[in-house]
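In what follows, a structure is listed as structure tokens, so that the remarks can point back to it.
The values are calculated or read from the model by the stated rules, or taken from the named source; none is laboratory data. Only a predicted model underlies this, so the values are computations on that prediction, with no experimental measurement involved. Cβ atoms come from the backbone with ideal geometry, glycine included; neighbour counts cover every protein chain shown.
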Amino acid sequence: MTTQDQSPIILWFRQDLRLADNPALNHAHASGRPIVPVYILDQGHAVRPIGGASLWWLDKSLRALSGAIAERGGRLILRRGDSEAELRRLIEETGATCVLMNRLFEPDAWARDADIAHSLQADDVEVKGFNGALLARPGSVVNGTGGPYKVFTPFMKALRAQAEPPPHTTGPRTFEKPSNLDSDAIDDWGLHPTKPDWSKGFLGEPGEAGATVALGRFASGALKSYAMDRDRPDREGTSRLSPHLHYGEISPWQVWRAVHDAASAGKVQAAQAEKLTSELIWRDFSAHLLHHFPTLPDTAFRPEYDAMEWRTDRAGFNAWKKGQTGYPIVDAGMRELWTTGIMHNRVRMIVASFLIKHLLIDWRKGEAWFWDTLVDADLGQNSQNWQWVAGSGADASPWFRIFNPVTQGEKFDPDGKYVKRWAPELANVPAKFVHAPWAAPAEVLRDAGVTLGKTYPRPLVDHAEARARALAALKAIKPSGEAFPDD
């Protein structure tokens, strides 16, 4: 690409739906050449198509990006179909000699992008990719032997040691509007659910502006007690930034700068900013693991766990999905997920542990359900976190750490505020019994209007029996070096 070349640049948007702090856009703008922004919906060629809830978010995010580009005089071109075919069509229509993108690091997308780049470069079209999604590009944070880290803490230390936030950029003030280019109407894509519209209770404001508002609200509010309150589903203690980060409406470096600026200004304690930063790095760790170990979504990272004999329990799985397990904290979480498209992080661990260890249902089934129902569904995060709970992942929680849903509820939702919001049939049960209504005296349940087995289900399993069954199943595969609580 020379300074004399004034042919257009195709800017290929994917999971970087923002104008600020966008490396590919910055590079295109610096060239001084016309920019043709495009988003291609390539569901038919995706190894794992985007889930229903995430499509809802994508719909709103694309509308927001299109509006932001239009405000600056440009036009976002929407195409649907094979990515390379649509790029080639745009190249022919515009005379573009360069395609710029922010890379996707999931293995299948990484390989597809490389194939497209090689194919276009063979026809004298320049293709460049940038890192607009992660704090560090996979392969740039390696251990002493040059390989990927498999344990989080040393990965975190290594990334922190080399972390250097890039300068903030706002993107071009104006775009040149492409003329005579076909663009799909986003309404025709049908990303928003209809007949029925199950998204009416979904939360969040998709788009770059919404992400900026969410970050500002968090930095001036919940960040002050983040390390303590992030585990409390009864409080507004989390950042709510994960869907914005997943679709690249905001960059992780923007979040990093905002929380550290708040700490530097004395608005929050440094420990709170550091805790949020560690969560950003865990996000990177998951993405790096998936990039280096592409079978992470399908097979156990620790291969001995693939010998696990999972139960086939359709009734139990359906009860879990519907929030009808009889364990209030589990049911509240699953109902929150179905209603809003999100679930509190602590509760995600509790419901995952219940499915895997109380019901002995394959973690992959739970991961697939989350993929379809979470607006922030992310392949690296989903796979890594489910395997962490299962005990089969890198740097995972021990298998014998089996969350007791009653004590977890009592500890993190002590007054039952969260449970009563999402399981309103328990609204009048005293806090003492709300996490174990079966333990309440008959008169307490009667006064609360609760009839177990009718207005609220009885527990699917007994915790002690389920725990013993799970530990027995683990001992059958006996991972080498694994300690057991009764050894």
Over 16 Å from Phe354 (Cα atoms) and either touching a His at 6+ places or on another chain (Cβ under 7 Å) or assigned to a helix (DSSP H, G or I) (or both): is that true of Glu274 in this structure? yes
Which pairs turn up if I take residues in region 93-114 that are in contact (Cβ under 8 Å) with a residue 12 or more places away in the chain and assigned to a loop (DSSP other than H, G, I, E, B) and look for partners that are surrounded by fewer than 18 Cβ atoms within 10 Å (Cβ to Cβ) and of a type in the set (D, E, K, R) with beta carbon separation below 8 Å, at least 6 apart in sequence or on another chain? Thr97/Asp5; Thr97/Asp124; Thr97/Glu126; Arg103/Arg137; Phe105/Arg137
Determine which member of the set Leu58, Leu100 is of a type in the set (A, V, I, L, M), farther than 28 Å from Thr373 by Cα and out of contact with any Asp or Glu (no Cβ under 7 Å at 6 or more places or on another chain). Leu100
Select, from Thr145, Thr169, the only residue that is more than 28 Å from the chain's Cα centre (by Cα), in a loop (DSSP other than H, G, I, E, B) and on the phi < 0 side of the Ramachandran plot. Thr145
Which of the residues that make up region 32-71 are of a type in the set (D, E, K, R) and within 24 Å of Pro172 (Cβ to Cβ)? Arg33, Lys60, Arg63, Glu71
Just to check your reading of the model, which residue among Pro172, Pro138, Pro206, Pro167 is within 24 Å of Ala24 (Cα to Cα) and touching a Gly at 6+ places or on another chain (Cβ under 9 Å)? Pro172
The conditions are (1) buried (at least 19 other Cβ atoms within 10 Å of the Cβ); (2) assigned to a helix (DSSP H, G or I), and Glu84 fails exactly one of them. Which is it? (1)
If I ask for residues that are of a type in the set (A, V, I, L, M) and in contact with a strand residue (DSSP E or B) (Cβ under 9 Å, 6 or more places away or on another chain), which ones from region 115-137 would you list? Ile116, Ala117, Leu120, Val125, Val127, Ala133
For Asp184, all conditions in the list (1) exposed (fewer than 10 other Cβ atoms within 10 Å of the Cβ); (2) over 23 Å from the mean Cα position of the chain (by Cα); (3) of a type outside the set (S, T, N, Q) hold save one; what is the number of the exception? (1)
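For region 395-417, does any single residue satisfy the condition of being within 30 Å of Leu58 (Cβ to Cβ) and at pLDDT below 95?
no
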Within region 465-480, is even one residue part of a loop (DSSP other than H, G, I, E, B), assigned by TED's automatic domain parsing to the domain that holds Val330, modelled with pLDDT of 95 or more and out of contact with any helix residue (DSSP H, G or I) (no Cβ under 8 Å at 6 or more places or on another chain)? no
Residue among Thr145, Thr94, Thr153 that is polar (S, T, N, Q) and surrounded by 17 or more Cβ atoms within 10 Å (Cβ to Cβ): Thr94
Restricting the first residue to region 321-345 and requiring it to be surrounded by 19 or more Cβ atoms within 10 Å (Cβ to Cβ), which pairs with a second residue that is outside any loop (DSSP other than H, G, I, E, B) and small (Gly, Ala, Ser) meet a Cβ separation below 6 Å and a spacing of at least six or different chains? Thr325/Ala319; Ile329/Gly409; Gly341/Ala53; Met343/Gly333
Among the residues in region 19-38, are any without any contact (Cβ under 8 Å) to a residue 24 or more places away in the chain and in a helix (DSSP H, G or I)? yes
Condition first: in a helix (DSSP H, G or I), under 28 Å from the mean Cα position of the chain (by Cα), modelled with pLDDT of 95 or more and of a type outside the set (A, V, I, L, M, F, W, C). Can you find one or more residues in region 45-57 that meet it? yes
Return the pairs, sorted by first residue and then second, in which the second residue is in a loop (DSSP other than H, G, I, E, B) and among the acidic types (Asp, Glu), the first residue lies in region 150-175 and is within 16 Å of Val255 (Cβ to Cβ), the beta carbons are less than 7 Å apart, and the residues are 6+ apart or on different chains. His168/Asp21; Thr169/Asp21
Only one of (1) farther than 16 Å from Ile35 by Cα; (2) touching a residue at least 40 places away in the same chain (Cβ under 8 Å) is not met by Ala85, so which one is it? (2)
Inspect region 304-312 for any residue being surrounded by fewer than 22 Cβ atoms within 10 Å (Cβ to Cβ), in contact with a Leu (Cβ under 6 Å, 6 or more places away or on another chain) and among the charged types (D, E, K, R) and give the result as yes or no. yes
Spans of helices (runs of 4 or more DSSP H) in region 362-462 with at least 3 residues over 30 Å from Arg311 (Cα atoms) and without any contact (Cβ under 8 Å) to a residue 60 or more places away in the chain: 442-448
With the checklist (1) within 17 Å of Val99 (Cα to Cα); (2) touching a strand residue (DSSP E or B) at 6+ places or on another chain (Cβ under 6 Å) in hand, flag the one item Arg80 doesn't pass. (1)
Residues being part of a loop (DSSP other than H, G, I, E, B), surrounded by 21 or more Cβ atoms within 10 Å (Cβ to Cβ) and without any contact (Cβ under 8 Å) to a residue 60 or more places away in the chain - total across region 223-263: 3
